[in-house]
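*Asks:* Can you read through this structure? Questions will come right after.
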């Protein structure tokens, strides 16, 4: 059994358009390395050059934010379900509009 | 107290009600695990947003940012707009809302009824279109005032000074507080207050996970994290999909008689997760969560009836929280 990873639309150029991909790894870091080996370039969109999780990327293990589960060190098990989402909490379009209005 | 000088004075002071039927059963002799719902739909315009709207306007008046007759411009997907429209009407301001097209018809009707003007940003164009729309409006009307709920400290302060103290007063044994994560104001304000007062309390966020259409970003760097957000206030953060939110929203009304909007269902879903964990661990828990608004504004979605698949489909592409 592997770990299922749901990929958001904007990152599917790395997965040949696939909505879900499979990977393996005992930690989130290991999983992302495994994914990157199969889908070259994906890691660079999730992890910053400094080695942290990208500010605008949220990753959930079984629907829970990994930043509260040890972030990249979060422990994973076979059968876990991972969801990657861009950071646009409720009212995504409102946020963007608000940020633009303030010139940010 | 049941008598107020004006509607604005009747903001807050909402009831906290137990959910004896939805609270998980515990083995005999085990400590109780109880769910409590804070009924924020009992605010003047029917949502928790009355609290920050009132605080943000008051603060802007006191600082001189707002002057009589000013126009307020606010990007909002609904409830904040409705609250601001009411406050603006009573305090003598004009309100213009920028909102995406994909919100429920009732929200639009309510806003117009309260006297707000609405500028839609096309849903199909995603956030790029919204940015373009907003930039254009701001350029054309440099005198319009923004309260900017995503970065306005008065938003979180409303909850620090009212929601938090009310919860502590009504439930001194509180162990968990669960609320929705949008502007993050509710969780930041209430969470900070409760963390100061209650040792070991867990602050839990429930974040709506929409259908793909809503995440209309061109690339990751267009993402946005509200300025108010401080991850250190939270202990857990759950992403709740449409299906789970609808399921729990229906349970609220079917089992406990609470007719709520879908964001409250998402919040209940996270509250139940921590409640069940407490049962497993054999720990006492008093889990308080927010009913953010009533279900009235979402009836036209049709998602209260039919199968869960139907409901999920009906809400696809909509901002239901």
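The values are calculated or read from the model by the stated rules, or taken from the named source; none is laboratory data. Nothing here was measured: the structure is a model prediction, and the numbers come from that model. Positions of Cβ are generated from backbone atoms using ideal geometry, with glycine treated the same way; all protein chains shown enter the neighbour counts.
*Asks:* Checking the condition touching a strand residue (DSSP E or B) at 6+ places or on another chain (Cβ under 7 Å) and within 29 Å of residue B:50 (Cβ to Cβ), which residue from B:287, B:279 passes? Give the derivation first.
*Replies:* Working: B:279 fails: within 29 Å of residue B:50 (Cβ to Cβ).
Answer to the check: B:287.
*Asks:* Count, please, the residues in segment A:53-78 that happen to be closer than 12 Å to residue A:32 by Cα and exposed (fewer than 12 other Cβ atoms within 10 Å of the Cβ).
*Replies:* 1
*Asks:* Another one. In segment B:1-58, which residues are outside any loop (DSSP other than H, G, I, E, B) and over 21 Å from the mean Cα position of the chain (by Cα)?
*Replies:* Scanning segment B:1-58 gives B:33, B:34.
*Asks:* Let me ask you something else. Read through the list (1) modelled with pLDDT under 95; (2) surrounded by 24 or more Cβ atoms within 10 Å (Cβ to Cβ); (3) touching a strand residue (DSSP E or B) at 6+ places or on another chain (Cβ under 9 Å), then give the number of the only condition that residue B:183 fails.
*Replies:* Every condition holds for residue B:183 apart from (3).
*Asks:* Of all residues being more than 7 Å from chain A (Cβ to nearest Cβ) and closer than 18 Å to residue B:266 by Cα in segment B:210-233, which is modelled with the highest pLDDT? Just the residue, please.
*Replies:* Applying the filter and picking the extreme gives B:210.
*Asks:* When you check residue B:270 against the structure, is it under 27 Å from residue B:80 (Cβ atoms) and touching a residue at least 12 places away in the same chain (Cβ under 8 Å), yes or no?
*Replies:* yes
*Asks:* Can I ask one more? I need a count of the residues in segment B:162-177 that are touching a residue at least 40 places away in the same chain (Cβ under 8 Å) and either more than 21 Å from residue B:266 (Cβ to Cβ) or in a loop (DSSP other than H, G, I, E, B) (or both). Quick ask: steps written out before the conclusion?
*Replies:* Restricting attention to segment B:162-177, the residues satisfying the condition of being touching a residue at least 40 places away in the same chain (Cβ under 8 Å) are B:162-163, B:166-167, B:170-171, B:173-177.
Narrowing the set further to residues that are either more than 21 Å from residue B:266 (Cβ to Cβ) or in a loop (DSSP other than H, G, I, E, B) (or both) leaves B:162, B:166, B:170-171, B:173-175.
Number satisfying all stated conditions: 7.
*Asks:* Of B:314, B:231, which residue is within 20 Å of the chain's Cα centre (by Cα) and over 21 Å from residue B:40 (Cα atoms)?
*Replies:* So the residue among B:314, B:231 that is within 20 Å of the chain's Cα centre (by Cα) and over 21 Å from residue B:40 (Cα atoms) is B:231.
*Asks:* Right, something else. Determine which single condition residue A:78 fails, assuming it passes every other condition in (1) in contact (Cβ under 8 Å) with a residue 60 or more places away in the chain; (2) farther than 21 Å from residue B:240 by Cα; (3) touching a helix residue (DSSP H, G or I) at 6+ places or on another chain (Cβ under 8 Å).
*Replies:* (3)
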